[in-house]
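Below is one structure, written out as structure tokens; comments come after it.
The values are calculated or read from the model by the stated rules, or taken from the named source; none is laboratory data. Quick caveat, the model's predicted, so the values are computed rather than measured. Positions of Cβ are backbone-derived with ideal geometry, glycine not excepted, and every protein chain shown enters the neighbour counts. The area values use the complete protein model at the heavy-atom level, side chains included, leaving out ligands, DNA and RNA. Shrake-Rupley method; radii C 1.70, N 1.55, O 1.52, S 1.80 Å.
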Amino acid sequence: MKAGVFLYPWDVVGDPDAAARIADLGVRQVTLASAYHSTRALTPRHPAHRIVTAEHAAVLYPPDPDRWAGRGLAPYRQSWTPGDDPYGEAADALTAAGLEVHSWVVLAHNSRLGAEHPDTSVVNAYGDRYPWAPCIARPAVREHLVDLAAEAAARPGAHGTELESCGWYGFAHLHAHDKVAGVGLGDAAQYLMSLCFCPECRQGYEEAGADPGELAAAVRRALEPAWSGAGSPESGREGIEKLLGPGHADATLRWRGRVARAFQEAAVAAVRAEAPPGFQVLLHADPAPYRTGANVGVEADHVLAVADGVVLPCTGSDAAREAVLGPFAGRGGVRAANFGIVTGMGGSPRTLERDAAHAASLGADQLRLYHAGLASDPDLEAVTAALSRLG
């Protein structure tokens, strides 16, 4: 089973031993960030630093000035890793070590974009803006993200790309000093808190048969028990229908599904137009279409007709893995099982061999390991041992 790891350019740039160390894990592929959101990242083995603070979402290569000239929305450049093209420098080193490099592109997740251009953001039913979540129904946002996908994905020498957040982002967000866990919000309530009420989305709900004002009021009523302490544990489409009513739920799901599918089609088409023949395009995905975030909700048949496959979150219990992989069983395309390998971040590198075998029995044909740059030495040793036995 082909295995790959995720990596940031700053894990490699300035560390002459990094590429060989990654190759020695027994992986064939590195998915290397070319466009990424803000983060604070540990670099436990780098000879020059231990912490990298990526202060805002940025591209990790020099963007094409002709592509972005005169545009209202354009990608931000990074300043925290030395050099003009840290992605390219890292990719060259990894390729020289015999590794196949694929780009890693984060799309609808950009807090600086929302801060500087508030009209790009998702707006919830209370009128609160989510600056980290660009609304993909906004034409200017969609145009910007599609062009970003094409440029950031088809980097020189890349064999493929993995598009993260290629769909709706919403309420859930690992924000700096997050303080939103005081109220229990189940899966369905998270969806309600992720519904956007910007002008385009309000018009979309109306076209889908729901009065946007009544819908926003229905969302607020449905969430009131959660704010008063009763919690809101409902989950799944059934939970959404219970909270909103079937009519309102159906209108939101139809509108958001149509927007997400169109965005995914446009982004993948733009990447293919820019990339050489044989370039592989995968989406980080979740088989529940209403889900938002890094692993966007998709419809299995649709996404596999658009992209070459999916990367699916598989850390956790057998039941969770079955729920994620099951809808893609027997449908063709790449089904890469993504496992956390950082113990301190909830990963389980010491059960990787067993968990990967279980994923393979459910139809997974590749592995992705998150994240080789963040993992401790013992975690990486466990990964190396597991991959040597998996073959």
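Looking only at the range 298-312, count every residue that is surrounded by 21 or more Cβ atoms within 10 Å (Cβ to Cβ) and of a type outside the set (A, V, I, L, M) and tell me the total. The number of residues fulfilling the criteria is 1.
Would you confirm, using the coordinates I've provided, whether GLY330 is in contact with a strand residue (DSSP E or B) (Cβ under 7 Å, 6 or more places away or on another chain), in a loop (DSSP other than H, G, I, E, B) and either surrounded by 15 or more Cβ atoms within 10 Å (Cβ to Cβ) or of a type in the set (Gly, Ala, Ser) (or both)? No, not satisfied. Of all residues in the range 7-17, one or more are of a type in the set (A, V, I, L, M), surrounded by fewer than 22 Cβ atoms within 10 Å (Cβ to Cβ), assigned to a loop (DSSP other than H, G, I, E, B) and within 24 Å of the chain's Cα centre (by Cα).
For the range 135-158, the candidate set comprises residues that are of a type in the set (Gly, Ala, Ser) and in a helix (DSSP H, G or I); within that set, the residue that is most open to solvent (accessible area, probe 1.4 Å) is ALA140. Residues in the range 262-283 that are of a type outside the set (Phe, Trp, Tyr), under 18 Å from PRO139 (Cα atoms) and crowded, with 18+ Cβ neighbours inside 10 Å: GLN264, ALA266, ALA267, VAL268, ALA270.
If you go through the range 197-228 and pick out every residue that is in contact (Cβ under 8 Å) with a residue 40 or more places away in the chain, open to solvent by 30 Å² or more (accessible area, probe 1.4 Å) and over 27 Å from the mean Cα position of the chain (by Cα), you end up with 4. For first residues located in the range 247-266 and free of Cβ contacts under 8 Å to residues at least 24 places away in the same chain and over 16 Å from GLY170 (Cα atoms), partners that are part of a helix (DSSP H, G or I) and among the β-branched types (Val, Ile, Thr) and lie 6+ apart or on another chain with Cβ distances below 9 Å form the pairs ALA249/ILE240.
Of the residues ARG67, ARG77, ARG112, ARG45, which is open to solvent by 10 Å² or more (accessible area, probe 1.4 Å), free of Cβ contacts under 8 Å to residues at least 40 places away in the same chain, among the charged types (D, E, K, R) and on the phi < 0 side of the Ramachandran plot? Give the derivation first.
Numbers: ARG67 fails: free of Cβ contacts under 8 Å to residues at least 40 places away in the same chain; ARG112 fails: free of Cβ contacts under 8 Å to residues at least 40 places away in the same chain; ARG45 fails: free of Cβ contacts under 8 Å to residues at least 40 places away in the same chain.
Going through ARG67, ARG77, ARG112, ARG45 in turn, the sole match is ARG77.
Tell me which residues, restricted to the range 334-354, are over 19 Å from the mean Cα position of the chain (by Cα) and open to solvent by 40 Å² or more (accessible area, probe 1.4 Å). Before the answer, list the steps.
Step one: of the range 334-354, the residues over 19 Å from the mean Cα position of the chain (by Cα) are 343-344, 348-354.
Matches in the range 334-354: THR343, GLY344, SER348, ARG350, THR351, GLU353, ARG354.
Can you tell me which residue within the range 18-34, out of those that are in contact with a Ser or Thr (Cβ under 7 Å, 6 or more places away or on another chain) and assigned to a strand (DSSP E or B), is farthest from ALA91 (Cα to Cα)? It comes out as SER34.
Only a single item in (1) more than 23 Å from TYR36 (Cβ to Cβ); (2) touching a residue at least 12 places away in the same chain (Cβ under 8 Å); (3) out of contact with any helix residue (DSSP H, G or I) (no Cβ under 6 Å at 6 or more places or on another chain); (4) of a type in the set (A, V, I, L, M, F, W, C) is not met by ALA319, and it is number (2). If you go through the range 355-385 and pick out every residue that is within 28 Å of ALA300 (Cα to Cα), in contact (Cβ under 8 Å) with a residue 40 or more places away in the chain and open to solvent by less than 50 Å² (accessible area, probe 1.4 Å), you end up with 12.
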